Structures are given as C-alpha cells and as structure tokens.
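Read-outs throughout are calculated quantities, based only on the coordinates presented, and are distinct from any laboratory measurement. From a predicted model like this one, the values you see are computed outputs, not experimental measurements. Methodologically, a virtual Cβ is constructed for each residue, glycine included, from the backbone with ideal geometry; neighbour enumeration extends over all protein chains shown.
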Ligand SMILES: *Cc1c(COP(=O)(O)O)cnc(C)c1O
C-alpha cells in the first residue's frame with residue numbers, strides 16, 4: 001500500500017496569513033515554524049491519501065486518538081542548508097525517510113512512500129524557501145512525524161494515522177563557540193534494553209530519558225552518557241547523539257546492537273574517517289575501557305554525533321565518584337577536522353563524493 005503516485009494538493013496560505021519572520025540572529029531551536037506544512041492520512045482501506053501542502057495549522061483530534069494513550073508516535077530530524085550561492089541542499093534525506101520506515105515497522109505503523117514523500121518535502125521547502133536562513137550556521141530544521149489517530153482505547157495498533165512535516169528555522173548550534181561539554185555517566189536509569197525500541201526514533205524513548213537528563217542538568221552536566229541495560233557498563237549513546245572515542249589511533253563507536261539509534265551523522269562520520277585513512281571500529285566499548293585508556297594516556301578525544309550539533313566534543317565525564325578529563329577539556333584535532341569536513345559537505349563547500357546531497361528547487 002505504498003501509493004507510488006501519491007497526489008499532493010497544494011493549498012497556499014493567503015498573503016494575510018503569512019507570518020512575520022523571526023530575527024535571524026535570535027532563532028534558538030524549534031521555536032518558530034514556517035507558513036506551510038505537509039500532511040497526509042492513512043487508513044486500511046485507502047492507504048495514504050489526502051496528501052496536502054497546507055498553511056501551518058492545528059490538528060483537531062478525538063481525545064481517544066490512540067497516540068495520546070499508547071504512544072504510537074515516530075519522528076525524524078533533518079536539516080535544509082544553504083550553500084554559498086543560496087541554493088538549498090538536503091543531506092541524505094532518503095536515509096532519514098528509510099529510517100522512519102524502520103521505526104514504523106517496529107511500532108506497527110504503516111510505511112511511507114519514500115520517493116513520493118521526498119518529492120513533496122522538496123516542494124514544501126521550495127514554497128517556504130524564504131524561511132531557509134542565510135546567516136552563518138543557521139538552518140531549516142525539518143520534522144517528519146507520524147501519529148496514531150484512530151479513536152479507540154482498546155490496546156492494539158491503530159488503523160488510522162496522520163503523517164506530517166513541519167519546519168523550523170534554527171540558529172547556529174555553536175553560537176557560543178565549539179566548546180566541549182561535561183557529561184554525566186548514567187548508572188541508575190537506562191535508555192533502552194535489548195529487544196526494546198531503542199533503535200526506533202519513537203516518542204516514548206524521549207519521554208523516558210527526561211528524568212535522567214533533568215537530574216544531570218541539576219548537577220551541572222549538559223547530557224547523560226547511557227550505559228547498556230544488562231551489565232550497566234557498555235557505552236550506548238550520549239543524550240540524543242551517538243558517541244565516538246579516539247583511543248590510540250582508532251576511532252571507536254558502539255556497534256549498532258539494536259538498543260541504539262542508527263545515526264546518519266554516525267554513519268557519515270565513519271565514512272569520512274575512513275576516507276581520511278583513519279582506522280575505525282564499531283564494537284562494544286565499556287566505561288572501564290575508557291577509564292583505563294584515560295589512565296594510560298591513550299584516550300585522546302570523545303564526541304557526540306547527531307544532526308542538530310553535527311559533532312559535540314566531550315571535555316569531561318563524571319562516572320560514580322570519578323572525573324575523567326578528556327584532552328585537557330579542549331576540542332580534539334580529529335573532532336574539529338571531522339566537524340569542518342562534514343559541515344563543508346553539507347554546505348556545498350567540499351566535493352560531495354558520496355552523493356549525499358539533494359538539491360531543492
Ligand atoms: C536522532 C538521534 C541520533 C542521531 O541521529 P542522526 O541521524 O545523526 O541525527 C542519535 N541518538 C538518538 C537517540 C537519536 O534520537
């Protein structure tokens with residue numbers, strides 16, 4: 001039921017409905033939304049239907065809509081960038097939409113027709129093209145989302161869904177500079193267990209992470225480093241990012257075990273590192289190994305990776321009663337190099353050898 005020839009209706013906002021644009025230097029993250037959105041609906045009889053680009057507007061949902069009760073909700077996070085000539089670029093958008101389908105499968109939700117949705121997404125961005133920021137580091141954040149809308153509170157998978165894409169102009173992540181962060185190694189709460197939904201970008205994972213994040217924030221740490229649910233010693237992710245360590249001459253990241261999110265930035269960084277001739281390893285890595293590497297001087301760098309920040313250098317880990325300072329609390333050479341490298345590709349300043357970019361308009 002993948003309606004390859006999805007028909008998309010265009011309903012443009014009237015001139016008087018258009019919103020005032022926010023100050024491009026004070027965008028923050030996810031606060032402002034553009035004039036238009038994409039919406040389509042699914043039910044068992046019709047598959048995906050009523051696909052429209054419409055003015056940004058509220059939904060009207062029955063209070064019994066299943067998403068409110070049992071949390072069938074999945075999403076994606078991606079960005080549109082401008083190159084130096086003002087052309088709008090997407091980075092690996094097909095990978096995001098395919099990952100949404102993996103999440104859908106895990107949550108018993110319908111698959112989206114990837115090519116048709118990408119085509120609609122490009123039309124949507126082009127229509128709101130004046131919302132794609134021009135200032136340095138700012139981007140248009142894109143949030144494809146799917147929710148269960150059938151009004152039944154008996155527990156089973158919904159037979160009605162809404163898929164939508166909203167867009168938010170966001171400021172440069174590193175407005176205050178590319179500075180390492182302090183991370184709390186979480187040994188009470190867990191993010192995901194084997195066999196659970198850790199590999200899906202599903203709403204409940206984020207609700208479940210708030211308690212640990214809030215407590216870490218109170219202690220002065222910006223994020224938590226998650227450990228595995230069974231042994232509480234193997235490293236999983238950092239906040240909502242994947243994690244990398246440079247130990248000796250190896251770039252190491254936890255392997256995709258099913259309980260961590262398969263990040264597109266993670267995959268891109270592994271590829272770029274290999275292109276640079278750097279040895280990479282995807283394997284289990286324990287917090288004890290990281291501590292031992294710090295003690296013997298072989299731990300050189302650590303950083304998180306994700307669409308929002310690209311790379312987020314880690315300067316300090318707090319684990320139980322120990323403090324692990326990484327690279328003297330400074331940004332490592334490889335962290336900076338990979339950050340520059342990936343940003344240069346995303347903004348069209350470097351040759352796109354892996355064909356990761358998709359042009360809009
Ligand atoms: C989205 C996300 C990531 C990063 O994925 P990218 O595709 O690189 O943006 C990592 N971990 C979690 C838990 C996430 O939700």
Along Cα→Cβ, 7 Å out, is where each label goes; now give me the distance between the ones at residue 172 and residue 343 in nm to one decimal. 0.7 nm
Angle in degrees between helix 114-127 and the longest Cα principal axis of the chain, rounded to the nearest 10: 80 degrees
To test your reading of the geometry: what angle, between 0 and 90 degrees and rounded to tens, separates the Cα axis of helix 333-346 from the longest principal axis of the chain? 20 degrees
Quick check: convex hull of the Cα atoms in the chain, volume per residue, rounded to a whole Å³? 145 Å³
Please list the equivalent ellipsoid semi-axes of the range 181-346, computed as the square roots of five times the alpha-carbon gyration tensor eigenvalues, in descending order and whole angstrom. 22, 19, 15
When N is the residue count of the range 8-170, what does its C-alpha Rg come to as a fraction of 2.2 N^0.38 Å? 1.07
Determine the distance separating the Cα centre of the range 122-161 from the Cα centre of the range 33-110; give it in Å without decimals. 4 Å
Just subtract the alpha-carbon distance of residue 219 and residue 29 from 0.36 nm times their residue separation and send over the number in nm, one decimal. 66.1 nm
Within the range 258-284, which residues have the backbone N less than 16 Å from the label spot 7 Å out from residue 354 along Cα→beta-carbon, could you tell me? 262-282
Rounded to the nearest 10 degrees, what's the angle between the helix 93-106 long axis and the longest principal axis of the chain, both from Cα atoms, 0 to 90? 90 degrees
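Gain in length, residue 20 to residue 275, computed as 0.36 nm per residue apart minus the alpha-carbon separation, to one decimal in nm?
Numbers: separation 255, 0.36 × 255 = 91.80 nm, distance 4.38 nm.
Extra length available between residue 20 and residue 275 comes to 87.4 nm.
Restricting to bridges with both residues inside the chain, how much of the DSSP beta-bridge set is antiparallel, in percent to the nearest 5? Walk me through the numbers before you get to the answer.
Values: 59 of 74 bridges.
So the antiparallel bridges amount to about 80 percent of the total.
Based on the Cβ-Cβ distance of residue 126 and residue 231, what FRET efficiency does E = 1/(1 + (r/R0)^6) give at R0 = 41 Å, to the nearest 0.05?
In this case the efficiency is close to 0.25.
Only bridges whose two residues both fall in the range 234-321 count here: according to DSSP, what percent of them are antiparallel, nearest 5? Write down the numbers at each step before the final one.
Numbers: 15 of 19 bridges.
Roughly 80 percent of the DSSP beta bridges within the range 234-321 come out antiparallel.
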Which percent, nearest 5, of DSSP beta bridges in the range 1-116 are antiparallel? 75 percent
